[in-house]
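The values are calculated or read from the model by the stated rules, or taken from the named source; none is laboratory data. All values derive from a computational prediction rather than experimental measurement. Every residue, glycine among them, receives a Cβ derived from its backbone with ideal geometry; neighbour counts consider all protein chains shown.
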């Protein structure tokens with residue numbers, strides 16, 4: 001597996017339950033804030049779906065992945081709801097409440 005994907009997976013594994021991060025945020029943590037699309041590709045190829053919580057990555061507006069690789073968008077929503085992530089009426093994640101900020105006190 002390539003080193004970039006491993007850095008992405010390491011960053012995603014740091015997102016705590018009940019929180020989400022954006023593709024751009026994970027890209028920055030992996031070393032290049034301009035590779036958000038690479039993050040999407042890496043998560044689509046997640047080699048350890050039960051271990052790497054790719055469902056916790058959403059776009060910067062809180063939108064879910066339209067083609068969530070491990071059960072579809074509704075399954076991603078269900079996984080997030082089970083962890084306590086809150087959604088707005090428009091179906092997006094409440095990023096003000098649920099965005100993970102590394103180093104913050106949870």
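The figures follow:
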item	result
Selected residue [assigned to a loop (DSSP other than H, G, I, E, B) and either in contact (Cβ under 8 Å) with a residue 60 or more places away in the chain or on the phi > 0 side of the Ramachandran plot (or both)] from 31, 50	31
Test set (1) more than 19 Å from residue 11 (Cα to Cα); (2) assigned to a loop (DSSP other than H, G, I, E, B); (3) without any contact (Cβ under 8 Å) to a residue 12 or more places away in the chain - residue 101 fails condition number	(1)
Qualifying residue in the stretch 20-32 (condition: farther than 22 Å from residue 101 by Cβ and surrounded by 15 or more Cβ atoms within 10 Å (Cβ to Cβ))	no
Some residue of the stretch 7-23 being farther than 17 Å from residue 95 by Cβ and more than 13 Å from the chain's Cα centre (by Cα)	yes
Residues located in the stretch 2-28, provided they are at negative phi and not in a helix (DSSP H, G or I)	2, 14, 15, 16, 17, 19, 20, 21, 22
Complete set of residues in the stretch 89-106 that are under 14 Å from the mean Cα position of the chain (by Cα) and either at pLDDT 90 or above or surrounded by 17 or more Cβ atoms within 10 Å (Cβ to Cβ) (or both)	92, 93, 94, 95, 98, 99, 100, 101
Filtered residues of the stretch 77-88 (kept if outside any loop (DSSP other than H, G, I, E, B) and surrounded by 12 or more Cβ atoms within 10 Å (Cβ to Cβ))	77, 78, 79, 80, 87
Members of the stretch 56-76 that are at pLDDT below 95, in a helix (DSSP H, G or I) and surrounded by 15 or more Cβ atoms within 10 Å (Cβ to Cβ)	76
Test result for residue 43, free of Cβ contacts under 8 Å to residues at least 60 places away in the same chain, in a loop (DSSP other than H, G, I, E, B) and crowded, with 19+ Cβ neighbours inside 10 Å	no
Any pair with Cβ under 7 angstrom, 6 or more apart, that starts in the stretch 70-85 at a residue that is free of Cβ contacts under 8 Å to residues at least 60 places away in the same chain and on the phi < 0 side of the Ramachandran plot and ends at one that is assigned to a loop (DSSP other than H, G, I, E, B) and surrounded by fewer than 16 Cβ atoms within 10 Å (Cβ to Cβ)	70/49; 73/66
Of the criteria (1) closer than 30 Å to residue 2 by Cα; (2) not in a helix (DSSP H, G or I), which one residue 91 fails	(1)
